[in-house]
Amino acid sequence: MLSEEKKRLIEIEEKYRHEIAQKLKAEAQSAEENVLKIEQTIWNKVFDLLNSNFGLWLLSSVFLSGGAALYQSTSHHYAQKLIAQKEFLTCEFEIENRLNAMDYLVKKAKTIGEAQYALTPMTKSFGAVTPEYEHVNIAGLYFKTYQLTGIRNKQSEENVKELEELNLGIEQSNPKAPLDNETRSKLLKILESLRQHSLKLIESGKGSLIY
């Protein structure tokens, strides 16, 4: 039989999953619309140019001079950028999802046991944005964004390291002991710092990877 504490944790998790699912759905739709708008704007400009007299002359010159290969190379490069853009946003939304889950549950936690459960997203997702990220630890997700963007943030690296150390200490503590305010404050401060950096990356990533 489930204890009252376990029932309460399950209720909190289900409520959070519903809230985050709605948020992620809205953010993902917004990001997708941004990518599509940028793509549509680019191709509209290209078509306007090609429909002009100059465009027809340029197009003929390009193909007659063997420029078709350059055109294909450019198209492939653009397609690869779009793939990287979507992969980056998916990874960042997964990170944001986990940070929000931990922040929400740490605020509700009263015991070490509840804090241990609240930090579960350090190693696996409660509800992954995509199945491939479900069992990827949060440090691995940050490394993935670095691979995609080349952006390395030392503050975030330090925050993740500190969060891992706090998590290790909590895992080794008595689950029935109360969660002290100092530890809770440290966790929330780190999570907020990581969340702010993640939001900035998501905003900057909506267009910066495309070009």
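Structure data summary
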| item | result |
| --- | --- |
| Rounded to the nearest 10 Å², the accessible area of residue 182 at probe 1.4 Å | 120 Å² |
| Computed E for residue 111/residue 82 - FRET, C-beta separation, R0 35 angstrom, nearest 0.05 | 0.15 |
| Accessible area of residue 160 in the full protein assembly, 1.4 Å probe (Å², nearest 10) | 10 Å² |
| For residue 193, solvent-accessible area (1.4 Å; no DNA, RNA or ligand), Å² | 40 Å² |
| List 135, 197, ordered by accessible area with a 1.4 Å probe, largest first | 135, 197 |
| Amide H contacts under 5 Å for residue 111, placed H, 5+ residues apart | 179 |
| Where 126, 93 fall by accessible area, highest first, once all protein chains stay in place (1.4 Å) | 126, 93 |
| Where a label projected 7 Å from the Cα of residue 173 along Cα→Cβ would reach, residues of the stretch 91-124 with amide N under 15 Å | 106-120 |
| Accessible-area ranking of 88, 143, largest first, probe 1.4 Å | 143, 88 |
| Sum of side-chain charges, residue 184 neighbourhood, beta-carbon under 13 Å (Lys, Arg +1; Asp, Glu -1) | 0 |
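The values are calculated or read from the model by the stated rules, or taken from the named source; none is laboratory data. Computed from a prediction, not measured in an experiment: that's the story for all the values here. With ideal geometry, Cβ positions are generated from the backbone for all residues, glycine too; neighbour counts draw on all protein chains shown. Heavy atoms of the whole protein, side chains included, go into the accessibility calculation; ligands, DNA and RNA do not. Shrake-Rupley method; radii C 1.70, N 1.55, O 1.52, S 1.80 Å.
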